[in-house]
Amino acid sequence: MATSIPARGAPGSKPGRRVPKPMSPGRQAWRSRLWRFDDKASPYAYIAPFFLVFGAFGLYPLLYTGWIALHRVEMISLDRMEWVGWENFSRILQDPEFWTAVGNTFVIGVISTVPQLLVALGLAHLLNYKLRASTFWRTVILTPYATSVASAALVFALVFRADGGLLNWALDFIGLGDTNWANGHWSSKSAISVIVIWRWTGYNALIYLAAMQAVPSDLYEAASLDGASRWQQFRNVTIPALRPTILFTIVISTIGSMQLFGEPLLLEGGTIGAQGGNEHQYETLSVYLYNYGWKLGHLGPAAAVAWAMLALLLLIAAINWLVGRSVRKTSA
Amino acid sequence: MRITRTVTGRSRRAAVLATTGLTASALLLTGCSSDSDQSGSTGPDANGNITLTVADFGQFGYKEAGLFAKYHELHPNITVKENVTADEQVYYPKFLQQLNTGSGLADIQGIEVGRVKELVDTKADAFADLAGVIDAGQWVNWKALQATTDDGKVIGAGTDIGPMSLCYRRDLFEQAGLPADREEVAAKVAGGWDDYLKLGEEYRKKAPKGTFYMDSASAMYNSVVSSNEEQYYAKDGKAIYKDSAGVKAGWNLAAEAAAKDLTAGLAQFQDPWKAALRKGTVATVACPAWMAAQIATYAGDEFKGKWDIARTPGETAANWGGSFLAVPAKGKNVEEAQKLVKWLTAPEQQAAVFKAVGVFPSNKGAYELPEVKSAKLAYFNNAPIGEIYAAEAQVIPAAVLGPKDGIIKDSISTQINNMEQRGTAPDDAWKAATEAIDKVIG
């Protein structure tokens, strides 16, 4: 995309720019110095707002969180900080609840991301056919994404309620008995992943759809001339062409599931939600962080959790990169 | 009925609005804290008119009793604006933040009893001293002590308290072959909570189908612990909950209730709890003064007159919940705010609030007023609640409070709920509770 933009070093070379009038040599030198300065400096000025905002609201909190993680800080007295070094980190690493949260985050991440991306691929494939009112359908699948986490979680909390919940009512009706969804270890995780899947599938489907439409149609034509069925076309043309997009959605979903917060917090709500269930059965890392910092008021360990989450994400990214590289090597 | 949840510990305010709390957290999540802009204290305008801001949580009852409007009538230059956060657990962290940064504070701030010790210990400087403004001698003495620092500074004026009683269903008791009269019921449980459980076993033998003796064992636990002078902390500030006699007694009773299947295992103020009241499947509820109004609201007209109130089991009086009004020192209208606090917590106003929303006065003067003294609750078969609660309130021991009382209570309640709901063995549950609490204190 970037190749068609003319180099900016030569004034007047751009179509439509006025030819400069002749002027005195001194003035011309000044002008050209100004030109050069403008040329070098203005890009920085243009992007500066982003970096200033990022510095204030991204980088500074990040570093300050790291600083807090090395101190003992209580919610009640933020002004008193006492250096404790790595104690906060060792404290959370020795906390079984932390590892429960790591496990839960991982499990919920897998059982929500995998089906979600598979379904999204399928949906995108369907939407890629010539459909009547295709825009309508595309809008429809994106609707869940437009709802807020909170309202989605609250509605699903009603669906999954043990006593008088919609789902239990339906299960009871067809004679399958009822389940206490939020109480069980697997059922609560499934319930949360259902909310996540509901909300994000359409979003991913649209991304896939966009990528699919960029696949040259002659590939499909050639494939169908060779007698490939729809399914074979999907497997052998669509999927390979979508590989970078799939990788992208995996990364985005991984980050998303690492930050999973609203759904577990609101599934039961209140005190229980804030600790991820009575037995922490659906406590994710974000909920653990929230509980440590805002309910217990110990900000040091909470900050340490935040950094541990960052470390985990980097670790996952590294694994992702390694896997990607080896896949590329073997396919090359 | 398998939803687990425990709010019992914190207070009625946190608890009462647990469901609203859902919405509150939802708002928190979407970042619409709708009120933060207007809550801060501002000085008088050009005409000398003052707007006093009051930030509180749950239901303090001032608006319902029309007190802010009345204050404006008495002082035309003063307008009072109340900013209510439904859930105390949302309210308090925000309040702390405002105290730390010194901005966004209202002229008057509510404080829940589970938090007051923490503030007295660490933040007394941030509040204006009420010692010269209110007469602490008017309050039941233990209430006044809760908000007083060691050197005599009073950071908050008591609003309401929660003297205990026992709410029960007359009709269910009759069907189960038990006495329905409130004196007879009180006599049956006069020996204490052990008697209460024994009565429960009797109830269970002939209980109407689908009903439970009590709503929640953690509520009973709370009542038991509340009747002790020493609860979770010793006088010297050391956390002693592991050896505290009250905690042990409460825990064992709760374990027994769970083992004997006397409890519905409902987390109070959650939807399933409300639904159980609505359906009328709960025979008794441990009943702090403010609970009666909750029961009447959720059980509905169908059960009017079928509920009754008896004296709480045992000899020792207990308090559960209650709040304070405090004036942050950095406000722009400290003096006017103090006057308003004094007025709001005076006997007449506390009595008016009691009449409007049923929260019981902490100011002794109110007990002599007709609104309180002769108060009867039609819903509860005309139980003389004013008499019952006032008698109880004045003999409640001055409990030793600790900075993390509320959270400790919550952690224990959670595990009691696990015993009721999941049949967790008491030893395992206790271990889980102590681990959680050590994390809180540490």
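The values are calculated or read from the model by the stated rules, or taken from the named source; none is laboratory data. Since the model is a prediction, treat every value here as computed from it, not as a measurement. In this analysis, Cβ positions are derived from the backbone assuming ideal geometry, glycine residues included, and neighbour counts consider all displayed protein chains.
Points to keep in mind about this one:
- A:TRP231 being of a type outside the set (Asp, Glu), away from chain B (no Cβ under 14 Å) and surrounded by fewer than 18 Cβ atoms within 10 Å (Cβ to Cβ): yes
Residue-by-condition table, conditions (1) at pLDDT below 95; (2) in a helix (DSSP H, G or I):
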position	(1), (2)
B:LEU22	yes, yes
B:SER25	yes, yes
B:LYS63	yes, no
B:GLY110	no, no
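- Filtered residues of the range B:79-107 (kept if at pLDDT 85 or above, closer than 19 Å to B:ASP410 by Cβ and hydrophobic (A, V, I, L, M, F, W, C)): B:PHE95, B:LEU96
- Flag if B:ALA126 is more than 29 Å from B:GLY358 (Cβ to Cβ), within 14 Å of chain A (Cβ to nearest Cβ) and touching a residue at least 40 places away in the same chain (Cβ under 8 Å): yes
- Lone qualifier among B:GLU335, B:GLU368 - being at pLDDT 90 or above, out of contact with any Leu (no Cβ under 7 Å at 6 or more places or on another chain) and over 24 Å from B:THR149 (Cβ atoms): B:GLU368
- The condition of being hydrophobic (A, V, I, L, M, F, W, C), modelled with pLDDT of 95 or more and within 30 Å of B:PRO403 (Cα to Cα) holds for only one of B:ALA239, B:ALA292, B:ALA267, B:ALA254, that being B:ALA254.
Residue-by-condition table, conditions (1) more than 14 Å from chain B (Cβ to nearest Cβ); (2) crowded, with 19+ Cβ neighbours inside 10 Å; (3) assigned to a helix (DSSP H, G or I):
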| site | (1), (2), (3) |
| --- | --- |
| A:TYR145 | yes, no, yes |
| A:ALA150 | no, yes, yes |
| A:VAL155 | no, no, yes |
| A:ALA170 | yes, no, yes |
| A:TRP181 | no, yes, no |
| A:ARG199 | no, yes, yes |
| A:ASN204 | yes, yes, yes |
| A:LEU209 | yes, yes, yes |
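- Some residue of the range A:59-74 being surrounded by 12 or more Cβ atoms within 10 Å (Cβ to Cβ), out of contact with any strand residue (DSSP E or B) (no Cβ under 7 Å at 6 or more places or on another chain) and within 14 Å of another protein chain (Cβ to nearest Cβ): yes
- Some residue of the range B:292-305 being crowded, with 20+ Cβ neighbours inside 10 Å, under 17 Å from the mean Cα position of the chain (by Cα), of a type in the set (A, V, I, L, M) and part of a loop (DSSP other than H, G, I, E, B): no
- Yes/no for B:PHE173 being within 14 Å of another protein chain (Cβ to nearest Cβ), buried (at least 18 other Cβ atoms within 10 Å of the Cβ) and modelled with pLDDT of 95 or more: no
- Check on A:TYR292, in contact (Cβ under 8 Å) with a residue 12 or more places away in the chain and either surrounded by fewer than 24 Cβ atoms within 10 Å (Cβ to Cβ) or more than 11 Å from chain B (Cβ to nearest Cβ) (or both): no
- Subset of the range A:243-286 [of a type in the set (A, V, I, L, M, F, W, C), crowded, with 24+ Cβ neighbours inside 10 Å and outside any helix (DSSP H, G or I)]: A:LEU260
- Some residue of the range B:204-224 being assigned to a helix (DSSP H, G or I), more than 14 Å from chain A (Cβ to nearest Cβ) and more than 23 Å from the chain's Cα centre (by Cα): yes
- Look at (1) within 21 Å of A:LEU265 (Cβ to Cβ); (2) crowded, with 18+ Cβ neighbours inside 10 Å; (3) more than 14 Å from every other protein chain (Cβ to nearest Cβ) and you find that A:LEU123 fails only one, number (1).
- Residue tally, condition within 20 Å of B:VAL113 (Cβ to Cβ), outside any helix (DSSP H, G or I) and in contact with a helix residue (DSSP H, G or I) (Cβ under 6 Å, 6 or more places away or on another chain), over the range B:360-395: 4
Residues are listed down the side, and each one gets a yes or a no for (1) buried (at least 22 other Cβ atoms within 10 Å of the Cβ); (2) under 30 Å from B:ILE441 (Cβ atoms); (3) within 14 Å of chain A (Cβ to nearest Cβ):
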{"site": "B:PRO313", "(1), (2), (3)": "yes, no, no"}
{"site": "B:PRO328", "(1), (2), (3)": "yes, yes, no"}
{"site": "B:GLU335", "(1), (2), (3)": "no, no, no"}
{"site": "B:LYS339", "(1), (2), (3)": "no, no, no"}
{"site": "B:ALA356", "(1), (2), (3)": "no, no, no"}
{"site": "B:PRO384", "(1), (2), (3)": "no, no, no"}
{"site": "B:VAL395", "(1), (2), (3)": "no, no, no"}
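- Check on A:LEU127, at pLDDT below 90, aliphatic (A, V, I, L, M) and in a helix (DSSP H, G or I): yes
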